[in-house]
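Engineer: I'd like to ask some things about the structure below.
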Amino acid sequence: MKATFRKSMIWLHTYLGVILGWLLFAIFFTGTLSYFTPEITRYLMPERASISQSQQSMIAHSFSYLSKHAGEAEQWRIALPSERSARWSVQWREGKQRQTVTFDDKFASVENETETKGGLFFRNFHYTLQLRGYGGRYIAGIAAMAMLLAIFTGIYTHRRFFKDFFTLRPQKLKKWTTDFHALAGILTIPFCIMICLSGIFIYAIMYLPYTANANFERGERGVNRQIIPSLPSLQLEEKVTGNDHSVNVPRSTPPFTPPPVPNYAHILEKIDDQWREPNPIARITVEGVGYKNSRIILERSKATTVSNRADRLVFETYTGKPLKGYDDETVPAQIRRILYGLHQANFAPIGMRWLLFGLGILGCALIATGNIIWVTQRKKSAKQNPFTLALVEKGNVAAIAGLILASVSFFIANKLIGHDVTGRAQLEVNTFFTVWALSAVHAFWRANAAIAWKEQFAFASALCFFTVAIELVLFRDRIINSMLNVDSVYLSFIPAFLISGVILYWAAKKISLRISSEQNVKENTETSAFVKKGQQ
Amino acid sequence: MITLVFILQLLGFLCLMLAMKKHAKQAGNSRVLKHVLRVLPFSPFTKLIGWILQATSLYLALTSIEITSIAIVWWCCTLSAALLTIAVYFSSLLDT
Amino acid sequence: MNKNVDVALRSIAAILGGYAVSALISFYFAFIFFHTLNQQEGVAILSGSMASYFVFFAVFIASFAIKHTVKWCAFLIAFSATLVLALPLVSPLSNPL
C-alpha cells in the first residue's frame, strides 16, 4: 500500500488505533478492574465481612438449614466463600422462584443485603458494553481482533527491537509519550495477545456460527450440548426413607418428613485424599433431593487449574458412594477452556493478580498514549483536517479521563446512596453514565484540551481522596471490625484509592506545568517579536 | 521463591543491557554500575551470563510451583515486571 | 487510483472480504478436522471456527500489504466464489471425504 510493507503496517496501526482506541480503552479499563470483581463487590457491600469458619462446619450448617427450609425443593446449591468473595450462600428452587439465603461468619442468615451490582458492573460492561442482547459481545469481539492487528502492526512500527526501547526520555513530552507507548507495547505483547486471543475464542462459535447452524438444529447450543460433558439425566422414582442411609436423623412426625441430611462427612473424607489444598470446595449441588438416586456434585476451587472448568466429583447423596462423574473434555474444548481461564485469571493468587492488574493498567496506558500521540503528531501536520483533530483531541479527554471519573463516581454513589433506597443498583449505574456524559460535555466545552485534561484529572484525584474520606467517616465501624478480623481485602481498598488519587494528582500537575511552560514560550516569542518590531 | 525468580530475571536483564555498548555508556552514570562494569567480562560472555540467568529463573519457577501452567504465568508476569524495572532504572541514568 | 478509493477498497477487502473468506473456510476446516482427525461434529466445528480467525487475520493484513488493490479484490471475489460453489461438498459434515 505504501512504499514498503513496514510503512503500510505503520499506516494500518495508526488508523486501527485512532478509530477503535476509545472503545478499546473502555474495554481494557473495565476489564482490568474486573480482575478484582469479587473484591469490589465485597467492598461495595458493607455487610460482607471475611468468613473464617472451616468448610466442614459451613457445609454442616448449610445442609441443616436446607433440610429445614427447602425440604420440598428438587435441587439444592451451596456456594462456599473464597478468600476473595466472602460470600457464603445457599440456593434452592421452589417452583419457578429461586430462593437465596446468605450467611455470615456467625452462621446467621444475612437479612436485607445491599442491592448493588458491585464488581459485576465493570465485568459485564467490558464484554456487553451495557447493550441489550448480544450486540455488545460482537462489538467487543471486533475490538479484540482490532487490538491483535494493532499489536502485530505495532511491532513493525518500532525498529531495532531490543536496542532502542529501553529508554524513556523524560524531558521532552512528545518523545516521552512515544517512548512510553513503545515500552508499554513491548512489555505487554504476550499479555495483550493472550487477552485478545482468548477474548475472541470465548465466543469463537458465536462470531462464526455458520458451520454450527448448518450441522445442528439449535446451532451453537446444539454444538455445546455435544461437546460439553454432562451427567446422565436423573430418573427420580424412589424417595429415601429413614432406614436407607448411613446417617441417622431423628424422625419427625408425619405427614412431612424433611429429607435426610446428605452423608457429607463420608464424602469430605474422600475428598481430603484427592483435593489436598486448603478450602478446596467452591460449590456443592444436590440434585434430586429426597430421592434414593439423588446425587451430589462437588466443584473444586479454581486455584489449582488454569482452565475455566475446575474438577468436579460426583457422589450418591445419601450413601456417599462415588459415582462416575463427568467425562473429560476433548482437546480443542480444553484449549478453549484454558484460554478462557487465562483470560479470567481465577487461578491467580493475590501477588500474581496485582501483577496482572499492573499489566492491564499498562495496556490501558498503551491505548491512551497511542491516541494522545496521534493528536500531538497531527497538530504539527499542515494536512490535518482541523475538525477531526479537534474531535479526537477532545474525545480523548472524554474517553479516557471521563471513564476514570465515571468509575470513581460509581464507587462514591454506592457509598452515598442510602441502604434502603429502592432501585439503588440502577441509580449507581446511572451515576456512572451521567458523570461520563458530563465529562464529555466539559471536554468539548473547554477550548483548550490540555486544560480539560488537567481539570478532569484533578477532579478524579479529588474524588479518589473523597472516597477515602467517606469511608473513614461513614464506615468507621466496618474499618474497626476489619482491623480486628484482619480483613485485608476490604482494608486494601483504602490505600488503593489513596495511591490512585496521588497518581492522578501527579498527572494533573504535570499537565499544568506543561501548559504554563507552553504559555511562557508563547509569551516569550510574542515579546521578542514585539521587541524586534520596536527596534526596527 | 517467586521473589528469587524476579531477582534472577532482573540480574539477567542487567547483564544483557550492559553487554550492549549503547547502554553500557549510560551505566557509567551510576556509581554502583561503574564498578559492576569493570568486573564483567567482555560482551559475548556477559550476554551468555544474562541468558543463563533467565533460563535459571525459568527452571526455578517450574520446579518450585507445583502446577506447570501457573508457574509459566508467574514467570511471564515477573518477566514483565523485571523488564519494566530495568527500563525505568536505565532511563533515570540518561545524560539529559 | 485516487488514494481514498484505494483505502476504501482495501478496507472493504479486509473487513468484508476477510470475514466472508474466514466464514467460508470454517466449513472446510470443520470438514477436514471431522474426517482426518476423527473428531465429533461439535468438536470439529469448534476447532474449525478457532482456526478460521487466523485466516481472517491474514486476509486483513494482506489487504493492506499487497501492491495492486484491484487485483487483490478480484482474487478475493474469485476465491470466495470458488469456496461457495464447492460448499455443498463439505457442508453437512457427514458428507464423505
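The values are calculated or read from the model by the stated rules, or taken from the named source; none is laboratory data. Computed from a predicted structure; not experimentally measured. Virtual Cβ from ideal backbone geometry, glycine too; neighbours counted across all protein chains shown. Heads up: the accessible areas ignore ligands, DNA and RNA and are worked out on the full protein's heavy atoms, side chains in. Shrake-Rupley method; radii C 1.70, N 1.55, O 1.52, S 1.80 Å.
Engineer: At a 1.4 Å probe radius, which order do A:422, A:305, A:434, A:177 fall into by accessible area, largest first?
Structural biologist: A:422, A:434, A:305, A:177
Engineer: Quick one: of A:522/B:25; A:106/A:302; A:96/A:292, which pairs are farther than 29 Å apart, Cα to Cα?
Structural biologist: From A:522/B:25; A:106/A:302; A:96/A:292, over 29 Å: A:522/B:25.
Engineer: Now for a different question. How many percent of the accessible area of the stretch B:2-92 is carbon or sulfur, using a 1.4 Å probe?
Structural biologist: Values: 3640 of 4950 Å².
Ligands and nucleic acids excluded, carbon and sulfur give 74 percent.
Engineer: Just name one of B:8, B:18, B:88: the one whose Cα is farthest towards the positive end of the charge dipole of the stretch B:2-92 (beta-carbon charges, Lys/Arg +1, Asp/Glu -1).
Structural biologist: B:18
Engineer: If you don't mind, another one. Could you tell me which of A:341, A:281, A:92 has its Cα farthest along the dipole of the protein assembly as shown towards the positive end, charges placed at Cβ (Lys, Arg +1; Asp, Glu -1), taken about the Cα centre?
Structural biologist: A:341
Engineer: State, in square angstrom and to the nearest 100, the accessible area buried between chains A and C, both chains counted, probe radius 1.4 Å.
Structural biologist: Chains A and C together bury approximately 3000 Å².
Engineer: If the reach is capped at under 15 angstrom between alpha carbons, list the aspartates and glutamates near residue A:2, excluding any in the same chain fewer than eight residues apart.
Structural biologist: C:6
Engineer: Quantify, in whole percent, the carbon and sulfur part of the accessible surface of chain A (1.4 Å probe; protein heavy atoms only).
Structural biologist: About 58 percent, which is the carbon plus sulfur part of the accessible surface.
Engineer: Need the per-residue list for the stretch A:298-323: every residue with at least 30 Å² less accessible surface in the complex of protein chains than in the chain by itself, probe 1.4 Å, sorted by number.
Structural biologist: Residues shielded by partner chains are A:304, A:306.
Engineer: Taking a cut-off of 18 Å between Cα atoms, list the aspartates and glutamates near residue A:270, but don't count ones fewer than 8 places away on the same chain.
Structural biologist: List returned: A:299, A:311, A:316.
Engineer: Round to a whole angstrom and tell me the spacing of the C-alpha centers of the stretch A:451-490 and the stretch A:66-129.
Structural biologist: Taking the Cα centre of each part, the stretch A:451-490 and the stretch A:66-129 sit 27 Å apart.
Engineer: Given H placed on each backbone N at 1.01 Å, which residues far from residue A:282 in sequence or on other chains put an amide H within less than 5 Å of it?
Structural biologist: Correct list: A:299, A:300, A:301.
Engineer: Roughly how many Å is it from the Cα centre of the stretch A:1-58 to that of the stretch B:1-76, as a whole number?
Structural biologist: Answer, in whole Å: 30.
Engineer: As a test of understanding, state the convex hull volume per residue of the stretch A:406-466 from its alpha carbons, in Å³.
Structural biologist: 64
Engineer: Pairs of alpha-carbon atoms within less than 8 angstrom and 6+ residues apart define the contacts here; what relative contact order does chain C have, in percent?
Structural biologist: Result for chain C is 39 percent.
Engineer: While we're on this one: Quote the total accessible area buried by chains A and B together, excluding ligands, DNA and RNA, probe 1.4 Å, nearest 100 Å².
Structural biologist: 1900
Engineer: Something else about it: Before I look further, what does the stretch C:3-90 give for accessible area per residue, probe 1.4 Å, in whole square angstrom? Please list the in-between numbers first.
Structural biologist: On the way: 4100 Å² over 88 residues.
Here the residues of the stretch C:3-90 average 47 Å² of exposed surface.
Engineer: Step through the table entries A:380/C:3; A:239/A:321; A:7/A:454; A:175/B:21; A:175/A:510; A:394/C:3, compare each Cα-Cα distance with 24 Å, and write down the pairs that go over it. Spell out each step's value before the answer.
Structural biologist: Numbers: A:380/C:3 22 Å; A:239/A:321 17 Å; A:7/A:454 34 Å; A:175/B:21 22 Å; A:175/A:510 15 Å; A:394/C:3 28 Å.
Violating the 24 Å limit, Cα to Cα: A:7/A:454; A:394/C:3.
Engineer: Short version: ³J(HN,Hα) in whole Hz for each residue of the stretch C:77-89, in order, from phi by Karplus 6.51 cos²θ - 1.76 cosθ + 1.60 (θ = phi - 60°), x for Gly and Pro, what are they?
Structural biologist: 5, 5, 4, 4, 4, 4, 4, 5, 5, 7, 4, x, 5
Engineer: Each residue of the stretch C:61-73 in turn: what ³J(HN,Hα) in whole Hz from Karplus with 6.51, -1.76, 1.60 and θ = phi - 60°, glycine and Pro shown as x?
Structural biologist: Result, rounded to whole Hz: 4, 4, 4, 9, 9, 6, 8, 10, 4, 5, 4, 5, 4.
Engineer: Which whole-number percent is the relative contact order of chain A (Cα, under 8 Å, 6+ apart)?
Structural biologist: Relative contact order for chain A comes out at 17 percent.
Engineer: With every protein chain present, what is the per residue accessible area of chain A (1.4 Å probe, Å²)? Intermediate results must be reported in sequence, preceding the final value.
Structural biologist: Numbers: 27090 Å² over 536 residues.
Roughly 51 Å² per residue, with all protein chains present.
Engineer: Whole angstrom only: what separates the Cα centroid of the stretch A:306-336 from the Cα centroid of the stretch C:61-97?
Structural biologist: 41
Engineer: Given a 1.4 Å probe and every protein chain left where it sits, what share in percent of the accessible area of chain C is carbon and sulfur?
Structural biologist: Solvent-exposed carbon and sulfur of chain C make up 76 percent of the total.
Engineer: Got a sec to turn the phi values of the stretch A:414-431 into Karplus ³J(HN,Hα) couplings, 6.51 cos²θ - 1.76 cosθ + 1.60 with θ = phi - 60°, whole Hz, x for Gly and Pro?
Structural biologist: 4, 6, 8, 6, x, 4, 9, 5, 6, x, 5, 4, 5, 4, 4, 5, 4, 4
Engineer: Then there's this: How much accessible area per residue does the stretch B:2-92 have, in Å², with a 1.4 Å probe?
Structural biologist: 54
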